[in-house]
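*Asks:* A single structure is presented below for examination.
The values are calculated or read from the model by the stated rules, or taken from the named source; none is laboratory data. Everything numeric in this text was worked out from a predicted model, so none of it was measured. Counting neighbours? That spans all protein chains shown, and the Cβs are built from the backbone with ideal geometry, glycine included. Each accessible area value is taken on the protein alone, full model and side chains, heavy atoms only, with ligands, DNA and RNA left out. Shrake-Rupley method; radii C 1.70, N 1.55, O 1.52, S 1.80 Å.
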Amino acid sequence: MKYNHLYAFALLAAMSAGCAKGPSTSSAPETAKAPVTDAAKLAEVSQKYAETITAADLSEHLHVIASDSFAGRDTGSKGQKMAAEYISSHFKEDGLAGPVKTGSNPYYQSFDLEKSQWGQGHISVGKEKYLMMKDFFVLGGSPYQTEQPADVVFVGYGIDDPKFNDYAGKDVTGKVVVVLAGEPKDASGNFIISGSDKASDWGNDYRSKRNAATEHGAKAVLIVTGTSDAEFNSLTERYKARAGRPSIGMKSTGDQATAATMFISPVVGASLLGTTMDKLFDYPEKVAAKGAPAVSTFTAAKDVKIQTERVAEPLSTENVLGFIEGTDKKDEVVVVTAHYDHVGTDSTLVGDKIYNGANDDGSGTVAVLEVAEAFAQAKKDGYGPRRSVLFMTVTGEEKGLLGSEYYSENPVFPLENTVADVNIDMIGRMDYEHEKTNDSNYIYVIGADKLSSELDQINTAMNEKYTHLKLDYTFNDENDPNRFYYRSDHYNFAKNGIPIVFYFNGVHDDYHKPGDEVEKINFESAQKVARLAFHVAWELANRDNRIVVDSNKK
Ligand SMILES: [Zn+2]
């Protein structure tokens, strides 16, 4: 930042109101005058405000919100609240309005998520009692909050496929179906469905059996997993770890969209079917011999009860919003987002226990702060945006894009008036690929052409004119196995038909590790991407014509 005395006074005044505001020169029109609404004139001055977005300011902000005292900003935690306070106070200092009409703080869109974990859980067969998290695991939701009787029926492998249908002639409406994991083989050892040694989704993905049971109206499907307790335990090891942790999600409606799905041990399976494990595993051979579903000799147990209590508590959290009202096109809104939550701490770790999330997504959050400040300064100088601009740092991204989902379902500004979302998530590091050549002058652009070809053109044009980054479209491919297009907050706008552009630097060491520290951030490249986001938002806000939605690509 270049230093001069006149400027020093202005700066001091600004500093008392918040971090560096950038040059307000004598050429700035008197704010009393009507704001400039000529797109060309506004384009002329944009560079001046882009230059207020600096590596130094990004660093200053990030050294605060990614510091250990913010404890990794886990959703609902003290650290997340401290970050919300920090962001909203800077929006306020910079002159942005708080647009939220409900609640005590107009900068906060407050809402409750639900923190829940498994409580009491058992399957009882007569006097036998099998315990949740030991003898069986529930995947997803379950309707057995209290203990309820269960009408059990055996349905083979639980497959409904043209080549093999266990449900043929069976009415399982409201019942609990018990099925074997895997899929049937024929006498020669090939899978009956593929006709080869290749398993199908029926064997590989439990959701296929869940969906079949759901379609047949079953209340629950219990999948006998493994052929021994030891195998059951090793197969369910990873579920055990995850199922034991509390999860955070949207408030549950209690509606059970699918049949409850449980992995049960062979002991539980045999007990439910009134048989022994040996006889249970004779069934596959019968099927192999027949090459089709076989009749079983099992007699389902009568006195079966199930309980899978989920203990839930509300977890209050907030999206943080700063708003700059437009001038002659103020009903149309451009949104600029990042997520300010991260994953918190892990007390079981040895050494560093804090996931500081400097890059994920501290870098995007401070970029939003800087872009917001630049727009606010321009507005003060009479170069306010023609369309309104909403700056929003959302919560709950790491829990499943929850903050942006909540906004998209409870928009503060009508979605139909929302022109586009510019989303920034991880822009301060090089990914493995670029570390090889130590080339930080790039950014992955995802989604810009999916809903609006104009948005993609604007992004390319602004980069050519101002930031000269290598725009990399590797992850924009609809067949990209990483599916990054679906993995950050822009997707909750895109799924509502709103054009989006997503800036992302790719995956690197320390991703979701305690090592994602501020010391490793490349602020020069973050500055460039933040300035590109600024120029794109500026153009979207000031151009005469609102960009049109002309496609809906995957
Ligand atoms: Zn992220």
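*Asks:* Using only the heavy atoms of the protein chains and a 1.4 Å probe, how would LYS436, LYS520, LYS251 rank by accessible area, largest first?
*Replies:* From most exposed to least exposed: LYS436, LYS251, LYS520.
*Asks:* Please report the net charge: other residues with Cβ closer than 10 Å to the Cβ of MET250, K and R +1, D and E -1.
*Replies:* Summing Lys and Arg as +1 and Asp and Glu as -1 gives -2.
*Asks:* With unit charges on the beta carbon (Lys/Arg positive, Asp/Glu negative), name the residue among ILE87, ALA187, ASN319 whose Cα is farthest towards the positive pole of the charge dipole of the chain.
*Replies:* Comparing the listed Cα positions along the dipole, ALA187 ranks first.
*Asks:* If a paramagnetic tag sat 7 Å from the Cα of ALA187 along the Cα-Cβ line, which residues of region 283-314 would have the backbone N under 14 Å from that point?
*Replies:* 285-292
*Asks:* Enumerate by residue number the trypsin sites (Lys or Arg not before Pro) in region 90-165 meeting two conditions: DSSP loop (anything except H, G, I, E, B), and at most 16 other Cβ atoms within 10 Å of the site's Cβ.
*Replies:* Sparse-neighbourhood loop trypsin sites (Lys or Arg not before Pro): LYS101, LYS127, LYS134, LYS163.
*Asks:* Can you say what percent of the DSSP beta bridges in the chain, counting only those with both residues inside, are antiparallel? Round to 5.
*Replies:* Around 55 percent antiparallel, to the nearest 5.
*Asks:* Ignoring everything except DSSP H segments at least 4 long, calculate the 222 nm mean residue ellipticity for the chain; use -39,500 (n - 2.57) per segment, divide by total residues, nearest 500.
*Replies:* After summing the helix terms and dividing by residue count, I get -8500 deg cm²/dmol.
*Asks:* Mind ranking 494-500, 425-431 by how tightly packed they are, going by the mean number of other C-beta atoms within 10 angstrom, highest first?
*Replies:* Top of the packing list down: 425-431, 494-500.
*Asks:* Oh, and also: Run the 1.4 Å probe and let me know the accessible area of LEU401, rounded to the nearest 10 Å².
*Replies:* About 20 Å², rounded to the nearest 10.
*Asks:* Using only the heavy atoms of the protein chains and a 1.4 Å probe, how would TRP538, TRP202 rank by accessible area, largest first?
*Replies:* Ranked from most to least accessible, the order is TRP202, TRP538.
*Asks:* Be a star and scan region 321-346 for residues whose amide nitrogen sits under 18 Å from the point 7 Å along the Cα-to-Cβ vector of LYS380.
*Replies:* 322-326
*Asks:* Let me ask you something else. Expected output is a single nm value to one decimal: the length gained when fully extending between THR258 and GLU231, i.e. 0.36 nm times separation in residues minus the C-alpha distance. What is it?
*Replies:* 7.0 nm is the gain from fully extending THR258 to GLU231.
*Asks:* Another question about this same structure. Based on Cβ point charges of +1 for Lys and Arg and -1 for Asp and Glu, what charge dipole magnitude is obtained for region 443-548 about its Cα centre, in debye rounded to the nearest 20?
*Replies:* Roughly 260 debye for region 443-548.
*Asks:* Moving to a separate point now. Contour minus end-to-end for GLU325 and LYS520, with contour as 0.36 nm per residue of separation and end-to-end as the Cα-Cα distance?
*Replies:* 66.6 nm
*Asks:* Report Rg(Cα)/(2.2 N^0.38 Å) for the chain, keeping two decimals.
*Replies:* Rg over 2.2 N^0.38 Å, computed on Cα atoms: 1.16.
*Asks:* Then there is this: Could you state how much accessible area THR345 has, in square angstrom rounded to the nearest 10, with a 1.4 Å probe and all protein chains kept in place?
*Replies:* Surface open to solvent at THR345 totals about 80 Å².
*Asks:* May I ask you to give the percent of accessible area on the chain that is carbon plus sulfur, with a probe radius of 1.4 Å?
*Replies:* Percent of accessible area from carbon and sulfur atoms in the chain: 52.
*Asks:* Taking 0.36 nm per intervening residue step and subtracting the Cα-Cα distance, what contour gain separates LYS436 from LEU139 on full extension?
*Replies:* Roughly 102.9 nm would be gained on extension.
*Asks:* Right, something else. What are the GluC sites (Glu not before Pro) within region 455-554 that DSSP puts in a loop, where the Cβ has at most 14 other Cβ atoms within 10 Å?
*Replies:* Sparse-neighbourhood loop GluC sites (Glu not before Pro): GLU478.
*Asks:* Enumerate by residue number the trypsin sites (Lys or Arg not before Pro) in region 302-337 meeting two conditions: DSSP loop (anything except H, G, I, E, B), and at most 16 other Cβ atoms within 10 Å of the site's Cβ.
*Replies:* Counting only loop positions with at most 16 other Cβ atoms within 10 Å, the trypsin sites (Lys or Arg not before Pro) in region 302-337 are LYS302.
*Asks:* So which lysines pass the test for LYS290, namely a Cα distance under 16 Å, with those fewer than 8 places away in the same chain ruled out?
*Replies:* LYS163, LYS185
*Asks:* To continue, here is another question. Normalized C-alpha radius of gyration of region 115-312, against 2.2 N^0.38 Å?
*Replies:* Computed over Cα atoms of region 115-312, the ratio equals 0.99.
*Asks:* Where does the charge balance sit around ALA84 when Lys and Arg score +1, Asp and Glu -1, over other residues with C-beta under 10 Å from its C-beta?
*Replies:* With Lys, Arg at +1 and Asp, Glu at -1, the net is -1.
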